[in-house]
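Below: one structure, written as structure tokens.
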Amino acid sequence: MAPQAGVDAALTGASPARTALAMFSLTDRVALVTGAQRGIGLEMALALAEAGAVVYCLDLPAQPDGDWFKVQKFASELPAAESQKKGRLEYISGDVTDQKAMWAAVESIVDREGRIDICMANAGILHGAECLEYPAEDFKKVLDVNVSGVLFTAQAAGRQMERLGISGSIILTASMSGTITNPNQKWTAYNTSKSAVLQMARSLACELAPKGIRVNTISPGYIFTNMTRDFLDKQPGLEAQLSAQNPMGRFGRPDELRGVTLWLASDASTFCTGSDIRVDGGQCAW
């Protein structure tokens with residue numbers, strides 16, 4: 001049974017204690033975030049570290065760039081909350097499309113840290129082309145990274161969670177593009193891949209629930225990152241056009257994904273599995 005908290009604690013005469021915010025603590029938890037050298041992945045990783053987790057950022061480069069090291073230093077200098085250990089960021093190189101390498105990478109994290117509690121399968125790529133002319137190799141590459149890579153990451157963490165008896169949280173980065181089609185964008189491969197991620201999460205959630213492992217997805221809308229900026233700079237006026245597609249009339253910021261990341265990773269969401277949380281400025285609500 002979970003410890004008494006909230007109204008139950010009040011009605012049974014338990015000593016008053018603030019427990020709501022404590023549910024978000026990730027002290028002594030270990031996390032893996034893929035695609036976390038920069039962008040949304042690094043933002044998610046920093047949020048987990050701020051909550052007390054040891055976070056391994058996995059990405060393709062053998063060594064992270066200078067910006068990653070600045071964020072690592074920033075995390076190391078954060079003051080620890082009262083009675084909370086400080087989290088930290090670590091970097092490992094890896095290719096999410098290599099199944100056995102991903103399994104080995106998470107096993108090495110467990111060998112070093114003794115556990116794995118949180119897995120964020122965030123690595124993904126975007127590629128557009130005319131649907132009737134889509135090159136086979138480009139289409140396969142998008143599916144390899146965005147679908148196979150997500151599965152291999154979830155497998156790698158889930159295998160260790162099951163072996164250690166850990167009630168872990170696996171979070172897959174999907175997209176609003178898995179639910180809707182982006183107006184005037186030729187993203188058949190990307191949209192297909194993100195729809196597959198949504199169904200993958202539901203399937204994994206049902207299969208892994210008896211093992212105490214939760215699986216959910218986060219579906220961002222248009223989020224302004226360095227990669228997004230490079231895309232928008234090539235098409236003047238596109239930012240305004242895309243912003244007008246959601247009720248809030250703007251792009252989201254990476255830091256606006258921190259709250260949902262912490263919620264799904266922590267004990268604040270222990271009865272949530274098989275769910276998709278959209279953070280899209282309301283675009284799917286039209």
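Where a number appears in this text, it was derived from the coordinates with a stated rule and is not lab data. These numbers come from a predicted model, not from an experiment. Here Cβ is always computed from backbone atoms with ideal geometry, including for glycine, and neighbour counts include all displayed protein chains.
Measuring from label point to label point, each 7 Å out along Cα→Cβ, what is the residue 67 to residue 22 span in nm?
Calculated label separation equals 3.8 nm.
Over the chain, what is the relative contact order in percent, taking alpha-carbon pairs closer than 8 angstrom and at least six residues apart? List each step's numbers first, then the result.
On the way: 546 pairs, mean separation 50.7, N = 286.
Over the chain, the number comes to 18 percent.
State whether the range 48-125 is rounded, prolate or oblate according to the following rule on the C-alpha gyration tensor (a ≥ b ≥ c being the square roots of its eigenvalues): a/c under 1.5 gives rounded; otherwise a/b larger than b/c gives prolate, and the remaining case gives oblate. Mind showing how you got there, number by number?
Numbers: a/c = 2.34, a/b = 1.44, b/c = 1.62.
In terms of gyration-tensor shape, oblate.
Across the Cα atoms of the chain, what radius of gyration and what greatest pairwise Cα-Cα distance (Dmax) are found, in Å?
Rg, Dmax (Cα atoms, Å): 19.3, 68.
Can you sort 19, 27 from fewest to most other Cβ atoms within 10 Å of each residue's own Cβ?
Working: 19 13, 27 16.
Listing 19, 27 from fewest to most nearby Cβ atoms yields 19, 27.
Just grab the label-to-label distance for residue 271 and residue 207, each label 7 Å out from Cα along the Cβ direction, in nm (one decimal).
Placing both labels 7 Å along Cα→Cβ, they lie 2.7 nm apart.
Using only the alpha-carbon atoms, how far is helix 188-208 inclined from the longest principal axis of the chain? Give it as 0 to 90 degrees, nearest 10.
For helix 188-208, the angle is close to 20 degrees.
Please find the FRET efficiency linking residue 112 to residue 181, where r is the Cβ-Cβ separation and R0 is fixed at 45 Å, and quote it to the nearest 0.05. Don't jump to the answer; show the numbers that get you there.
Numbers: r = 43 Å, r/R0 = 0.96.
Computed FRET efficiency for residue 112 and residue 181 comes out at 0.55.
So for 98, 65, fewest C-beta neighbours within 10 Å to most, what's the order? Display every interim value, and only then the final one.
Numbers: 98 14, 65 11.
Fewest to most other Cβ atoms nearby, the residues stand as 65, 98.
Which value, to two decimals, describes the C-alpha radius of gyration of the range 96-135 once divided by 2.2 N^0.38 Å?
On the way: Rg = 16.3 Å, N = 40, 2.2 N^0.38 = 8.9 Å.
Rg over 2.2 N^0.38 Å, computed on Cα atoms: 1.83.
Eight or more residues apart or on different chains, and alpha-carbon atoms under 23 Å: count the Lys pairs in the range 1-145 matching that.
On the way: 70/85; 70/86; 73/85; 73/86; 100/140; 100/141.
Close lysine pairs under the 23 Å cut-off: 6.
Calculate, for residue 227 and residue 77, the FRET efficiency according to 1/(1 + (r/R0)^6) with r their C-beta to C-beta distance and R0 30 Å; round to the nearest 0.05. Present the calculation step by step, with values, prior to reporting the outcome.
Values: r = 27 Å, r/R0 = 0.90.
After rounding to 0.05, the efficiency reads 0.65.
Which order do the peptides 5-17, 179-191 take when ranked by the mean count of other beta-carbon atoms within 10 Å per residue, highest first? Numbers along the way, then the final one.
On the way: 5-17: 10.1, 179-191: 16.5.
Ranked by mean Cβ neighbours within 10 Å, highest first: 179-191, 5-17.
Compute the long axis of helix 39-50 from its Cα atoms, compare it with the longest principal axis of the Cα atoms of the chain, and write down the angle in degrees, 0 to 90, nearest 10.
The angle comes out at about 10 degrees.
Where does the chain land at 222 nm, in deg cm²/dmol rounded to the nearest 500, when only DSSP H runs of n ≥ 4 count, each adding -39500 (n - 2.57), divided by all residues? It would help to have the intermediate numbers written out before the result.
Details: 10 runs with 111 residues, N = 286.
Value at 222 nm, helices only, nearest 500: -12000 deg cm²/dmol.
So if the hydrodynamic radius of the range 1-55 is defined as the Kirkwood radius over C-alpha pairs, what does Stokes-Einstein give as its diffusion coefficient at 4 °C and 1.567 mPa s, in µm² per second?
Numbers: Rh = 13.2 Å.
Rounded, D is 98 µm²/s.
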